[in-house]
Amino acid sequence: MLSENKKTLTNLTVPILSVVLGLVLGALIMLGFGYDPIAGYQSMINGALGSPFYIGETLRYASPLIIIGLGFSIANSAGFFNIGLSGQALMGWLVSVWVAISFPDVSGLILLPVSVIAGVLAGAIWAGIAGVLRAYFGTSEVIITIMLNYTALHVTNYLIRNVLTESSDATARIPEQASLRMDWLSQLAGGSRVNAGLFIAIVVTILVWIFMTKTTMGYEIRSVGMNPFASQYAGMNAKKNIILSMFISGGLAGLGGVLEGMGTFNNIFVQAGIPNIGFDGMAVALLGLSHPLGIVFSGLLFAMLKIGGASMPLGSGVPTEVVDIVIASIIFFVGANYLIRFFINKFSGKKDVKGGVK
Amino acid sequence: MPDTANVIEMRGITKQFGSFKANDNINLTVKKGEVHALLGENGAGKSTLMNILSGLLEPTSGEIYVNGEKVHITSPSASSRLGIGMVHQHFMLVDKFTITENIILGTEKTKLGFLERREAQQEIKELSERYGLFVDPSAKVESVSVGMQQRAEILKTLYRGNDILILDEPTAVLTPQEITELMDILRSLTKEGKSIIIITHKIEEIKAVADRCTVIRRGKSVDTVDVKTTSQQELADLMVGRSVSFKVDKTPAQPKEPVLTIKNLVVKENRGLEAVKDLSLEVRAGEILGIAGIDGNGQSELIHAITGLTKVESGTITLEGKEIQNLPPRVITETGLGHIPEDRHKHGLILPMTIYENMALQTYYKEPFSKNNFLNKEAMQKSARKLIEEYDVRTQSENSTAESLSGGNQQKAIIAREISRQPKFLIAAQPTRGLDVGAIEYIHRNLVEQRDNGKAVLLMSFELDEVMNVSDRIAVMYEGKIVGIVDPREVTEQELGLLMAGSSLEKAKALESQSGKESANVK
């Protein structure tokens, strides 16, 4: 029991220390460029949490990130690296908006859920392609999903320009009744774009936690991820689990895209490159140690960095470029958590010896 | 007279993990030029002690002297500088590298940044000839036998100039021939003045090769004895702390109807060669059929084919009257199969998962463990607690991970899971590999109990003793075929050995009686 407690302690220490070290490095970078780090971070915190509007925006930004992070964690539990979350999110965004603008006269009670489900399915199928190829032909899901990111990008841009509009860069807004925006919520949050996606994110987090820990399917997915051979020995269907986990992972990424399309922007526009949201979602899942609660916290942190960072140039004169470096350095330490783990072990090992000598 | 200076002296070594003392005030002295055995049950603390000596762990308290000087060993490289080299149970080799590259890894000699490969190869050749450690220096590790990999590991320590060698369970992975070779190598090493510490729980091997033996039980050093003057029984009793029996108590088998029938089975291994060739076999209710043979003669493929883990090329396998070849593993399991797999870490357990999750691995999808696709954690835990109690699995709780169990307890957990399902047919593949006598005794008793309950048991083992002691009939497998079925009460170990090496039954009998006569003539 004691060693288990110690293990969870280390598990918690690592992400917290990652963030602290990232903030310290960020401060050093700001100092190096001649800016005041305290003022910088102050304006960041203000910009993220300083008013109802900023809080609303932070929550708005965090919602799809959390859902996409959960998507990554499910594929990851089954032993797959779904790097195509961006493409899957983009497909979800595209299809949900497409469905919504195609039926402007249908009641919101039908149009809203149908559009959401269509978007989720689009993301699920996009990831499912990689799952099926992996299960039946043994192709690497990493390569396939990277390629599908580009395919999604260019298919989306083509469809916006040639099918959804007449060579325009953005579609019309989705009908009012299909939007996830909620007036009372926006007003509560000082007119920010926070929307029903926030509640969707909360519900999905709980559902994913129940699915992974309480259901037979979740048990199978975890088993396959931890030991595919023993899972085969126990009669689990590996192909089914590979496809299922990718399908769910992509579906959640698609849902993240739906939140962007039907909540944040209420339309879809031509993308200059593969959207970052998928990669950020991956980082959120890794920082959150693939645990639903961890993902919620890391999603909120990412949102605070991004939304708060946007206020730094105005609030403290730190230019956007430096803000991005600061954010990147925090993410870098998240990625380098092996290093931190190494030092923690070294440190606690030494402490053991000292205690013994006394 | 050999030089009796102590090369290693460990005094009062204690290593504490949390509240658990893995080593508790252990004393160990190793003399120059001796083979010193470290005997103890699984989880007794042998490996912890040696990990301290090789610098992987630091002791909580205690002192270490190497060649009479007090030292602090803080890392494996510090240990190596003191002349201590360790050959781990799981080899530390890079599969894609050649043996030469592996041996010089970490101590490469270079000239202008280029490897001095030829010189290294020459040096390795000399070392290997001097100690009879035959290796192919230019072969890649992935393509050579386990025995050669081990010799490469030993060469690695010699190449670094180490003269105190620690071997952790060196025979666990070797065939009987390779074990004999290893014993010869150990003797030639000590002749050259090297000192060897060998960690093992196999008492015969200690009798065969060791000079002195320190027995460790539950983290404490119990005694250090002279091997020559101590009997096997005494060593076993010291290790377990009570009197153990080597003989398997059993009444003659009462075989009934066939439970498993295999006809003309052909199985290909993953390179596409036939590993099982036109094999036919029958296992009856109420008997233990032993499969003897040297590793790599198609035993694993045969078992994987029966259990549905490998595709069957042709032929039929009938279990309880139902043809099961090429059916999914779950269907076969539900037809009435229990399977204690050969590789408990690969197939038997999901190590990072909890014990209760592992114990439900074959039944999680059925009531009461699962209802409407939801797991019933409490039911799983309750059942696991019962099995832990019943099968004496030593663990803190059913919520600990399978990883945290010692090898013997991991095997007990698997056996509990497989036997408690009451399958009509039970496969036990290498069920006691790497376990100590106490656990072996327990497992053998369980297999016999299953037989007495009218179950059919198929026992596959590379250990002759085990096959001879436990089985009611022995099928000898050689190059994918059954070359003979013998009665363990009528066959000698020599005859069995010859069969395993490919002789026919008649030939084996003839050779045996001939050599018997010769030895009689000599007398």
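The values are calculated or read from the model by the stated rules, or taken from the named source; none is laboratory data. In this text, all values refer to a predicted model and were calculated from it rather than measured experimentally. Because the Cβ atoms are built from the backbone with ideal geometry, glycine has one as well, and the counts that use them run over all protein chains shown.
Quick look at the numbers
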read-out: All positions within the stretch A:135-146 that are in contact (Cβ under 8 Å) with a residue 12 or more places away in the chain and under 23 Å from the mean Cα position of the chain (by Cα); value: A:E141, A:V142, A:I144, A:T145, A:I146
read-out: The stretch B:375-392, subset polar (S, T, N, Q) and more than 13 Å from chain A (Cβ to nearest Cβ), residue surrounded by the fewest Cβ atoms within 10 Å (Cβ to Cβ); value: B:Q381
read-out: Sole residue being of a type in the set (V, I, T), touching a strand residue (DSSP E or B) at 6+ places or on another chain (Cβ under 7 Å), more than 8 Å from chain A (Cβ to nearest Cβ) and touching a residue at least 12 places away in the same chain (Cβ under 8 Å), chosen from B:T395, B:T354; value: B:T354
read-out: Counted residues, the stretch B:230-267 - those being over 23 Å from B:T333 (Cβ atoms), basic (K, R) and at pLDDT 90 or above; value: 0
read-out: Qualifying residue in the stretch B:138-147 (condition: assigned by TED's automatic domain parsing to the domain that holds B:E101, under 27 Å from B:G43 (Cα atoms) and in contact (Cβ under 8 Å) with a residue 24 or more places away in the chain); value: yes
read-out: Answer from B:K412, B:K366 - the residue that is of a type in the set (K, R) and in a loop (DSSP other than H, G, I, E, B); value: B:K366
read-out: Near pairs, Cβ below 7 angstrom, 6+ apart or cross-chain, from the stretch A:26-54 (farther than 14 Å from A:G190 by Cβ) to any residue that is outside any helix (DSSP H, G or I); value: A:M30/A:V318; A:Y35/A:G317; A:Y35/A:V318; A:G40/A:V318
read-out: When residues of the stretch B:452-472 are limited to those that are assigned to a loop (DSSP other than H, G, I, E, B) and in contact (Cβ under 8 Å) with a residue 24 or more places away in the chain, the one nearest to B:A428 (Cα to Cα); value: B:S461
read-out: Residues within the stretch B:11-57 that are of a type in the set (A, V, I, L, M) and either more than 28 Å from the chain's Cα centre (by Cα) or within 13 Å of chain A (Cβ to nearest Cβ) (or both), tallied; value: 5
read-out: Residues of the stretch B:358-374 satisfying the condition of being at the interface with another protein chain (Cβ under 7 Å from one of its Cβ atoms) and over 30 Å from B:E463 (Cβ atoms); value: B:Y364, B:Y365, B:S370, B:N373, B:F374
read-out: Criterion violated by B:T492 - all others in (1) more than 19 Å from B:E342 (Cα to Cα); (2) free of Cβ contacts under 8 Å to residues at least 12 places away in the same chain; (3) more than 14 Å from chain A (Cβ to nearest Cβ) satisfied; value: (2)
read-out: Residues located in the stretch A:278-332, provided they are buried (at least 23 other Cβ atoms within 10 Å of the Cβ) and of a type in the set (F, W, Y); value: A:F302
read-out: Meets criteria (farther than 19 Å from A:N267 by Cα and touching a helix residue (DSSP H, G or I) at 6+ places or on another chain (Cβ under 6 Å)) for A:L185; value: no
read-out: Total residues in the stretch A:199-254, condition more than 24 Å from A:S63 (Cα to Cα) and away from chain B (no Cβ under 14 Å); value: 2
read-out: Single condition B:M92 does not satisfy, out of (1) assigned to a loop (DSSP other than H, G, I, E, B); (2) surrounded by fewer than 17 Cβ atoms within 10 Å (Cβ to Cβ); (3) modelled with pLDDT of 90 or more; value: (3)
read-out: Only listed residue being modelled with pLDDT under 95, among the polar types (S, T, N, Q) and within 22 Å of B:I443 (Cα to Cα), chosen from B:S383, B:S404, B:S400, B:S370; value: B:S404
read-out: Members of the stretch B:308-346 found to be surrounded by fewer than 21 Cβ atoms within 10 Å (Cβ to Cβ), of a type in the set (V, I, T) and away from chain A (no Cβ under 11 Å), listed by number; value: B:T316, B:T318, B:T335
read-out: Which listed residue, of A:G69, A:G40, A:G50, A:G79, is more than 16 Å from the chain's Cα centre (by Cα) and closer than 22 Å to A:G131 by Cα; value: A:G79
read-out: Residue match in the stretch B:417-429 (condition: within 14 Å of another protein chain (Cβ to nearest Cβ) and in a helix (DSSP H, G or I)); value: yes
read-out: Which numbered condition A:I202 fails, given (1) out of contact with any Leu (no Cβ under 6 Å at 6 or more places or on another chain); (2) outside any loop (DSSP other than H, G, I, E, B); (3) in contact (Cβ under 8 Å) with a residue 12 or more places away in the chain; (4) among the hydrophobic types (A, V, I, L, M, F, W, C); value: (3)
read-out: Residue in the stretch A:244-272 that is surrounded by the fewest Cβ atoms within 10 Å (Cβ to Cβ), counting only those that are out of contact with any Phe, Trp or Tyr (no Cβ under 9 Å at 6 or more places or on another chain) and either closer than 30 Å to A:A78 by Cα or of a type in the set (D, E, K, R) (or both); value: A:L244
